[in-house]
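Please read the structure below before turning to the comments.
Please treat every number below as a calculation from the coordinates, not as lab data. Remember, it's a predicted structure, so these values are computed and weren't measured experimentally. With ideal geometry, Cβ positions are generated from the backbone for all residues, glycine too; neighbour counts draw on all protein chains shown.
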Amino acid sequence: MKRNRRFVVLASLLTVLFAGCGQAGGMEAVESETISVEKNGRITYYLVGDLDRDYYSLSELSAMAADETARFNKSAGIDGAAVVDRVETLPENESRALIVYQFDGYASFNDFVKKFNKGEGTLYYGTVEEAFNLGYTCSALKNVTDGSLITEEQLRQDNTKKLIISDEKVIIYCPEKVICLSDGAVLREDGSVDASAAEGTVYILLK
């Protein structure tokens, strides 16, 4: 068994229904790699990819994911910082699989995806004030309703609003309605944000 071959993330249009994606979108479909941010800061990460049965069975993939989270929690010293919610094949295509991870917050998500090479590993969710205190900068955002620009100075004037900041090229479900976005990010009809085509860091201002 060649265990050096990783579970490859796809950008194909696959459909897996799931609930609890955030107030903006309600129940929607996962079409590719997806992150869902909850109000309490918990992160759910939907990883969709090929299940090459010449290299992994579903049970082996599940064991690998469980081992990763166990090792991560031990190194982090936090029981339950990362949890595997489920591992399953897609209902309409058993050659593709879904791994659903849950994290206690964005810091654990960042550390996990960097450690196991599953993404860029830069995600933030919190207030505008906290983001700037952490060193984030944002030149301008566009209002999703009228396209008007919101400068960093204007953001600082209402610094209790929540921001999601991400370098992950994924679909992002938000816990509140999106009111402003940075260039390259696209607000979808279901209220989620498509960050897959953005060249730089994506900033999402919530209502």
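Between beta-carbons, use under 13 Å as the cut-off and find the net charge around Thr122, counting Lys and Arg +1, Asp and Glu -1. With Lys, Arg at +1 and Asp, Glu at -1, the neighbours total -1.
For Glu120, the residues 5 or more places off, or on other chains, whose built amide H falls under 5 Å of its own are Lys169.
Per-residue Karplus couplings for segment 80-86, computed as 6.51 cos²θ - 1.76 cosθ + 1.60 with θ equal to phi - 60°, are listed in order as x, 4, 9, 9, 8, 6, 6 Hz, Gly and Pro entered as x. Measuring r between the beta carbons of Asp50 and Thr122 and using R0 = 30 Å, the FRET efficiency lands at 0.75. The calculated pair-distance distribution of segment 25-165 uses every alpha carbon pair, bins of 5 angstrom beginning at 0, and gives 2, 9, 16, 17, 17, 14, 10, 7, 6, 3, 1, 0 percent. A simple rule links phi to the HN-Hα coupling: the Karplus curve 6.51 cos²θ - 1.76 cosθ + 1.60 with θ = phi - 60°, which for segment 129-144 gives 4, 4, 4, 5, 5, 7, x, 6, 10, 8, 6, 6, 10, 10, 5, 6 Hz, with x for Gly and Pro. Could you calculate the FRET efficiency of Thr145 with Lys74 from 1/(1 + (r/R0)^6), where r is the beta carbon distance between them and R0 is 35 Å, rounded to 0.05? My answer for the efficiency is 0.15.
Extending 7 Å from the Cα toward the beta-carbon at both Arg96 and Glu189 defines two label points whose distance is 2.0 nm. Shape class for segment 119-163: oblate, because the ratio a/c of the largest to smallest gyration tensor axis (alpha-carbon atoms, square roots of eigenvalues) is 1.5 or more and b/c is at least a/b.
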